[in-house]
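Colleague: Structure incoming, see below.
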Amino acid sequence: MFGIEAWQFWGAVVITAFAGFVKGAVGFAMPMIMLSAFGSILPATTALAALILPTLLTNTQQAFRQGPQEAWGSICRFRLHISMVVIFICISAGFVKVLPQPVMYVLLGAPIVGFALWQLAGRSLILPLHHRRRAEAVTGIIGGLYGGISGIWGPPLIVYLLSVGVDKREQVRVQGVVFLLGAVVLTAAHLTSGILNAQTFSLSLVLCIPAFAGMLAGFGLQDRLDVVQFRRWTLVLLVLTGLNLVRRAFEIWI
């Protein structure tokens, strides 16, 4: 079955459904959950290939949930951040073999954990209005630089959106748009690299079913969460995301 054992397949289905539920609820963390858990039951290349199509399609659904017009409005409003992410992913991709990934993971993960814990402790980080465009550009540059090297560009965006107090629906939609752009690049890259081949493409396509099912259930929870609850759970997942990055750094070092 797709070149893997039956128990591995059903394990991947359960993991994907849970990751889809989390993504539907708070708008991110799906690839992190899938890759971390898949790594324990699947070969590394199969694990990466398996998450590609569910990530691509769920990000499409997330970005366009309120319709193309709303998605385009978010693109226009956050075009500076999006442009910086795309530009600096292209710039930093060439440095993958030069910069040590463990250092990059720690430098990204530690500040994210610090920011989220600061917010969870009840401290606020409100950016003055005349500094927001600068912050939008800087977080886009940081996200792009890390994205090209590590494949992770979402956390700086989430930190920015939380800092400026973006509406819950807009936050989830903007995350979907930015993540979708990255997912398109990732899909194209691995169609040519051979990671997505006949077996892994079929597996990844089938996993879109539990991904969507989980995401729809997560949407139901997201719609019931008030702004305070939504923000709290987003911050909790940011802490886990940051700690996971630090863990990956030490895993590579060891």
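The values are calculated or read from the model by the stated rules, or taken from the named source; none is laboratory data. From a predicted model like this one, the values you see are computed outputs, not experimental measurements. Counting neighbours? That spans all protein chains shown, and the Cβs are built from the backbone with ideal geometry, glycine included. All accessible areas refer to the heavy atoms of the entire protein, side chains included, with ligands and DNA or RNA removed. Shrake-Rupley method; radii C 1.70, N 1.55, O 1.52, S 1.80 Å.
Colleague: Tell me, please, whether a residue that is of a type in the set (Asp, Glu) and part of a helix (DSSP H, G or I) can be found in segment 159-169.
Modeller: As a first pass, look at segment 159-169 and keep what is of a type in the set (Asp, Glu): 167.
Filter again for part of a helix (DSSP H, G or I), leaving none.
The answer is no; no qualifying residue exists.
Colleague: Pick from LEU238, LEU221, LEU243, LEU196: which is touching a residue at least 24 places away in the same chain (Cβ under 8 Å) and in a loop (DSSP other than H, G, I, E, B)?
Modeller: Only one candidate passes the filter, namely LEU196.
Colleague: Follow-up question, since we're still on this one. Given (1) free of Cβ contacts under 8 Å to residues at least 24 places away in the same chain; (2) over 17 Å from the mean Cα position of the chain (by Cα), where does PHE2 come up short, assuming only one miss?
Modeller: Answer for PHE2: the failing condition is (1).
Colleague: Same structure again: Please list, ordered by first then second residue, the pairs with beta carbon atoms under 6 Å, 6 or more apart or interchain, first in segment 130-149 and in contact (Cβ under 8 Å) with a residue 60 or more places away in the chain, second open to solvent by less than 20 Å² (accessible area, probe 1.4 Å).
Modeller: GLY140/HIS81; GLY140/VAL85; GLY143/VAL85; GLY143/PRO156; GLY143/LEU157; GLY144/VAL85; GLY148/SER92
Colleague: Moving on to the next point. In this structure, does LEU225 turn out to be more than 14 Å from ILE33 (Cα to Cα), in contact with a helix residue (DSSP H, G or I) (Cβ under 8 Å, 6 or more places away or on another chain) and open to solvent by 50 Å² or more (accessible area, probe 1.4 Å)?
Modeller: No: the conditions fail for LEU225.
Colleague: Checking ILE141 against (1) open to solvent by 40 Å² or more (accessible area, probe 1.4 Å); (2) among the aliphatic types (A, V, I, L, M); (3) modelled with pLDDT under 85: exactly one of these is not met. Which one?
Modeller: (3)
Colleague: Something else about it: Could you look through segment 36-49, keep only residues that are touching a residue at least 60 places away in the same chain (Cβ under 8 Å) and closer than 29 Å to LEU162 by Cβ, and pick out the one that is surrounded by the fewest Cβ atoms within 10 Å (Cβ to Cβ)?
Modeller: Within segment 36-49, the match that is surrounded by the fewest Cβ atoms within 10 Å (Cβ to Cβ) is SER36.
Here is a yes/no grid of residues against (1) basic (Lys, Arg); (2) touching a Leu at 6+ places or on another chain (Cβ under 9 Å); (3) open to solvent by less than 60 Å² (accessible area, probe 1.4 Å):
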residue	(1), (2), (3)
LEU157	no, no, yes
SER163	no, yes, yes
VAL177	no, no, yes
GLY182	no, no, yes
HIS190	no, yes, yes
VAL236	no, yes, yes
PHE250	no, no, no
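Colleague: Residues to consider are ILE52, ILE33, ILE15; find the one that is in contact (Cβ under 8 Å) with a residue 60 or more places away in the chain and out of contact with any Gly (no Cβ under 8 Å at 6 or more places or on another chain).
Modeller: Answer to the check: ILE52.
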